[in-house]
Amino acid sequence: MHRLKGRLKTLPVLPGVYLFKDKSDKVVYVGKALNLRSRVSSYFAATETLIPKVRRLMAVAADLEIVVTDSELEAVFLECNLIKKFQPYYNVRLKDDKSYPYLKVSLNEDWPRVYVTRRLERDGSMYFGPYASGMSVRITMNLVKKLFPYRTCRKKITGTDSRPCLEYHINRCVAPCIGAVSRQEYDEVIRQVILFLEGRQDRIVAQLKRKMEQASESQDYEKAAVIRDQLQAIEKVVERQKVVSVKAVDEDVIGYARQDDEACVQVFFVRRGKLIGNEHFILGGTRDEDPALIMSSFIKQFYGSASSIPPHILVAHQADDSEAVAEWLTAKRGAKVNILEPQRGAKKYLVDMATQNATQLLRQRKVRKLSEAGKTAEALLELQQKLSLPKLPNRIECYDISNIQGTSAVGSMVVFIDGKPKSSEYRRFSVKMVDGVDDYAMMREVLLRRFVRAASSPEEGSSWAVMPDLLLIDGGKGHLGVAIDVLKTRGIDTVAPASIAKENEEVFLPTQDDPVTLPATSQALYLLQRIRDEAHRFAVTYHRKVRAKSAVKSVLDEVQGIGPKKKKALMRHFGSVAKMRDASIEELSKVDGVTVALAQQLKESI
């Protein structure tokens, strides 16, 4: 601390960003300042004058790094990017910020699609989001798909396919694959999707009514009926959208609620005066923070990755650096952005409504977490009692094998700590020593390798060295016998083994001849099923990956003239054999080393 304080006089009186690091060189806080020397100096005031959060920060701060910028606006940009990159513990931060999904309209493709992505790219496409969860974005996508008949397939569109898929027959696709629609007509469908996602449904309704009238006048009554059904579906959606402003304004409304170290932010999306949607986000690191700073942090992180920014943002608390943030948003949008904290009237009512929603969501989240914690504790205690375990099974490891007739055999190990999955400690095994179909031998190999690794990784911090309280096998009595034998072979007597058979959900134990049957409503049974199903999912996912690689290897290896180098180039270019199969000879021959003759041979072989 004294060493850091001694550097204060050397800090520039300039705008920039400062980063506090702990003794392991990990970034624990990122801040921005108009005057770096003055702002950083405030952290070294008398301890009793600092808020508790700053006292905790300075107790771990071991180093300081600064980056000078040309302006406060540039500092806002940089601060936002660094918080997203490092996710510092003492910053107010969007939880799971890196994984928020978007809806992408792939305008960079000849025949655009609409799909979910978690990456924003400058590729000419349009993005909508971020959404708070995968479920949230899929609900929106499913609605859009019901309303607009765009394609979802990834095939190359030539217009010469012999027949369309089922989606065409149920009016969910206009079938460009068979040439049933022109490029101009298909682009019109995509424009309608974009207008809908932007909240411009009134324009879509007007366009569709004109098309329906034209189809009716041309006596194309079947087409008119399809458009009529589409119109009715869209109008039902519009009816559910609440009119919240007499003016056709575009604005986002942000309310928030805080409890302890978490805050919930509710965002209402108002377009053309209608509430077209809402999302809520959870913030961490909010304990002891001022509401103005929380609001500022959310706005910068949310709109730093948002696909669009409205001209007006209504907030429950004005951001502590609102002028700089508004200038930053204006630069991002390319047009004026106002951040307003309404004091009365309809806009204040909207902000209050968003705040009430945030309060309720945060309360429900807390109740749900307490309920889940109580159920998990109940399940672990019941497991200890019903399975006669020497101690509470705080660490449970479960193993499963996946193979098809002994080929591409793999094993999985999943880890649950205190009843919750610890995915960073999951492990996968390729079975190497067993030929043919022998599940017991495969399980023996996986377990032996796990416990041999434990003995060879005694260093502190190695997850291999940590022994499970309960070793769970997906299988019956025979599989349990394998686990018991492996533990005896390795001289391990502190691990309790058990197996769970899927057919009757019976649990086999080494100390009992008859299996234990847990009640269907038992929390312990629910936990065991969840762990077993997770091990199965993890094994099957890995098995499919291994099998797919094997299939690629066998198919391409049969093509004369395709060696390892060309195979790698083809896979890098197309990604899969299926895409090579759909590609033309001209496209195949564009890959380095692939001649037209070789492309012809490859096309005939796959």
Would you order D514, D582 from fewest to most other beta-carbon atoms within 10 Å of each residue's own beta-carbon? D514, D582
So for each of 565-571, 292-298, 330-336 I average, over its residues, the number of other beta carbons within 10 Å; can you give me the resulting order with the highest mean first? 292-298, 565-571, 330-336
FRET efficiency for Q219 and N81, using Cβ-Cβ distance with R0 set to 51 Å, rounded to 0.05: 0.30
So between S371 and E327, what do we pick up on full extension, going 0.36 nm a residue minus the alpha carbon distance? 11.4 nm
In nanometres, the difference between 0.36 nm per residue of separation and the alpha-carbon distance of Q600 and R581 is 5.7 nm
Restricting the calculation to Cα positions, tell me the Rg (one decimal) and the Dmax (whole number) of region 291-373 in Å. 15.0, 48
As a footprinting exposure proxy, order M58, M467 by other Cβ within 10 Å, with the fewest listed first. M467, M58
Any idea which of S71, G124, L4 is furthest toward the positive side of the dipole for region 1-125, if Lys and Arg beta-carbons carry +1 and Asp and Glu beta-carbons -1? L4
Part-to-part distance (alpha-carbon centres) for region 474-493 and region 245-273, which is given in Å: 56
Trypsin sites (Lys or Arg not before Pro) restricted to region 7-62 and DSSP loop, no more than 14 other C-beta within 10 Å: R7, K23, K26
Amide N of region 27-63 lying under 19 Å from the label point, which is placed 7 angstrom from the Cα of A292 along Cα→Cβ: 31-36, 38-43, 50-54
Going by C-beta contacts inside 10 Å, put S308, S423, S322 in order with the fewest on the left. S423, S308, S322
How would region 558-605 be classified by its alpha-carbon gyration tensor: rounded, prolate or oblate, with rounded meaning a/c under 1.5 and the a/b versus b/c comparison settling the rest? rounded
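How high is the FRET efficiency from D63 to D557, r the C-beta distance, R0 45 Å, rounded to 0.05?
Working from the Cβ atoms, E equals 0.25.
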Using a ≥ b ≥ c from the Cα gyration tensor of the chain (square roots of the eigenvalues), is it rounded, prolate or oblate, where a/c under 1.5 gives rounded and otherwise the larger of a/b and b/c decides, a/b for prolate? oblate
Cα gyration tensor shape of region 146-214, rounded if a/c is under 1.5, else prolate or oblate by comparing a/b with b/c: prolate
Say the cut-off is 30 Å between C-alpha atoms; which of K53/K366; K236/K579; K53/K95; K156/K567; K332/K420; K209/K348 go over it? K236/K579; K332/K420; K209/K348
With the dipole of the chain worked out from charges on the C-beta (+1 for Lys and Arg, -1 for Asp and Glu) around the Cα centre, which of Y150, N35, T49 lies farthest toward the positive end? N35
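Since every read-out is calculated from the coordinates, none of them should be taken as a lab result. Bear in mind the structure is a predicted one, so any value in this text is a computation, not a measurement. A quick note on method: Cβ atoms are made from the backbone with ideal geometry, for glycine too, and the neighbour counts reach across all protein chains shown.
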